[in-house]
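Right, one structure below, let's go through it.
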Amino acid sequence: MALTIYNTLSGQKEAFVPIEENKVKMYVCGMTVYDYCHIGHARVLVSFDVITRYLRHLNYDVTYIRNITDVDDKIFNRAAENGETYQALTQRFIDAMHEDEAALSVVSPDQEPRATAYMSQIIDMIKVLIDKGYAYPAANGDVYYSISAFETYGELSNKKIEDLIAGASERVAVNDVKREPTDFTLWKAAKEGEAHWESPWGNGRPGWHIECSAMSTCCLGNTFDIHGGGPDLKFPHHENEIAQSEGATGQKYVNYWMHAGAVRVNKEKMSKSLGNFFTIREVLEKYPAEVVRYFLISSQYRSQVDYSEDNLIEAKATLDRFYQALRGFDFAVIDATRSPDVEYEARFNAAMNDDFNSPGALGVMFDLVKELNVCRQTSPERAEVLAASLKYFGAILGLLQLDAECYFKLGAAEGGLSDEQIESLIKARVEARAAKNWAESDRIRDELLEQGITLDDGREGTTWRRS
């Protein structure tokens, strides 16, 4: 089965055909860096990380660009509130974002352009749009894009220009500098004391939408394969990007549009006002990073996912099952270059080729685990093949790369039992069982369970994991 991708522009799955054979050029809208990344950002980061990993698994030469918005009203306002420069603020949160990415095993993009490094290209694109009649400078020093000048505006979001203009006219107060209330800003005149850049229209800074148009086309060309982002970017951000880029270049901007699904918290929209807003850092204080990553990819990238205590607990339990299956195998000895099981690989690829269906791929891995657990007793050589295959598929999804014993010993609660204390209690339990002191054996098991330690008795002895 060939790779198919759900294209937001057409509203259906399409066979993926790259512009250049065996090459993929992809741009994903990144963060506006004025605060810590939240769990919704994590969904986008992890989703497109899995997509990139799988495309590379298919031997595509992927150029993955994810920008940083380091010029924005929110940035300037937060810096002023903190009494620091906007440069210090943005660098601090860029560093924090990189730490969050590393914790979630998100591979760094090939390039991470910042808006402040592309001012000349942004200004040049605005000049072209003015020359072609798509944009106009206003008396107040702003420059606006006229959406009525771009005939196909609204295609991505299925909105009609006339409806947008009519609706905006009813809601938006009259603005003497704009031709239509829906026209959006390409260049904003600087406020007093605000950071600014020189331009033909006076000192100012770019609008958010034009930044991405300039950065994406500079890094990937006028037309590229995939553009992605969060669910809230389809309109107006991505719609405006199309209008700007195609207006400036006269060429199709993007072939495949992809949007990650929203994160809900206990089935409600995440927002600070509702008190259900969680940064990645807050989540990682409660749950191991790999558990959070597993939770995020257990639903297909474009579906809505519900963040809840129960769902995170379930994610940990299922990830435990995978690692339990890998216990006892020495991957330093098992040939890491061996090919995965052909049948399971075909099923895994079939799932992922269906619009990166990660839940389907995880289902294949669960079937593999069932056979692996049987083969431990009946066919050790087959078990090694299956264990190596499980590790191989996990790597494609960014999972199962820890040593199994290390995984189960991670996440000890502060003040809880140390590894040495646990091992000592297990030794005492083994001695009690040898003496047929079943009451003492059960007491030690219950004591460990109360401390969040689960024991697994097997033919090769007793292993343990933190619950």
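The values are calculated or read from the model by the stated rules, or taken from the named source; none is laboratory data. Here the structure is a predicted model, which means the values were calculated and not measured. When we count neighbours, we look across all protein chains shown, and the Cβ atoms used for this are built from the backbone with ideal geometry, even at glycine. These accessible areas exclude ligands, DNA and RNA; they are computed on the full protein's heavy atoms, side chains included. Shrake-Rupley method; radii C 1.70, N 1.55, O 1.52, S 1.80 Å.
Sequentially through the range 134-146, phi angles give Karplus couplings (6.51, -1.76, 1.60; θ = phi - 60°) of 8, 9, 8, x, 9, 5, 8, x, 7, 10, 10, 9, 8 Hz, Gly and Pro residues having no value and appearing as x. Note on K427: lysines with a C-alpha under 18 Å away, same-chain residues under 8 apart excluded, are K409, K436.
Can you give me the % of accessible surface on the range 275-369 that is carbon or sulfur? Probe 1.4 Å, all protein chains present, nothing else counted.
51 percent
Accessible surface for the range 291-385, divided over its residues, is 44 Å² per residue with a 1.4 Å probe. Note that the range 116-220, at 10 °C in a medium of 1.306 mPa s, gets a Stokes-Einstein diffusion coefficient of 109 µm²/s from its Kirkwood radius over C-alpha pairs. In this structure, the amide hydrogen of F278, modeled 1.01 Å from its nitrogen in the peptide plane, lies closer than 5 angstrom to those of I39, counting only residues at least 5 positions away or on a different chain. Amide H contacts of N7: Q12, K13, E14, each under 5 Å away and 5 or more positions distant or on a separate chain (H built 1.01 Å from N in the peptide plane; Pro and chain starts excluded).
Computed on the range 254-385, with alpha-carbon pairs under 8 angstrom and 6+ residues apart, the relative contact order is 24 percent. In this structure, the residue pairs whose Cα-Cα separation is over 31 Å, taken from K159/K267; K267/K391; K234/K391; K23/K234, are K267/K391; K234/K391.
With the alpha-carbon atoms of the range 1-124 aligned to their principal axes, the span from lowest to highest coordinate is 56, 38, 26 Å, starting with the largest. Along the range 149-157 the Karplus relation, 6.51 cos²θ - 1.76 cosθ + 1.60 evaluated at θ = phi - 60°, assigns HN-Hα couplings of 7, 10, 4, 9, 4, x, 4, 5, 9 Hz to successive residues, with x for each Gly and Pro. For I453, nonlocal amide neighbours, meaning residues 5 or more places apart or on other chains whose placed amide H falls under 5 Å from its own, are S467.
Leaving out ligands and nucleic acids, note down the accessible area per residue over the range 127-285 with a 1.4 angstrom probe, in whole Å².
Value for the range 127-285: 47 Å² per residue.
Residues in the range 257-270 carry Karplus couplings, in order, of 9, 10, 10, 6, x, 6, 9, 10, 10, 6, 6, 10, 5, 6 Hz; the curve used is 6.51 cos²θ - 1.76 cosθ + 1.60 with θ = phi - 60°, and Gly or Pro positions show x.
With contacts taken as Cα pairs under 8 Å at a separation of at least 6 residues, the chain carries a relative contact order of 16 percent.
Rounded if a/c is under 1.5, else prolate if a/b is larger than b/c, else oblate: which is the range 240-306, with a ≥ b ≥ c the root eigenvalues of its Cα gyration tensor? Please report the intermediate quantities before stating the final value.
Values: a/c = 2.84, a/b = 2.15, b/c = 1.32.
Taking the square roots of the gyration eigenvalues as a ≥ b ≥ c, the range 240-306 is prolate.
Heavy-atom accessible surface of K286, to the nearest 10 Å², is about 130 Å², with a 1.4 Å probe and all protein chains retained. From the Cα gyration tensor of the range 77-124, with a ≥ b ≥ c the square roots of its eigenvalues, which class applies: rounded if a/c is under 1.5, or else prolate if a/b is larger than b/c, or else oblate? It is oblate, given that a/c is not under 1.5 and a/b is not larger than b/c. Loop-located GluC sites (Glu not before Pro) in the range 282-368 (DSSP state other than H, G, I, E, B) with a sparse environment of at most 12 neighbouring Cβ atoms within 10 Å are absent. Hey, could you get me the Stokes-Einstein D for the chain, Kirkwood radius over alpha-carbon pairs, 20 °C and 1.002 mPa s, rounded to whole µm² s⁻¹? Here the translational diffusion coefficient equals 85 µm²/s.
Working note: 222 nm ellipticity from helices only, DSSP H runs with n ≥ 4, each -39,500 (n - 2.57), summed and divided by the residues of the chain, gives -14500 deg cm²/dmol to the nearest 500.
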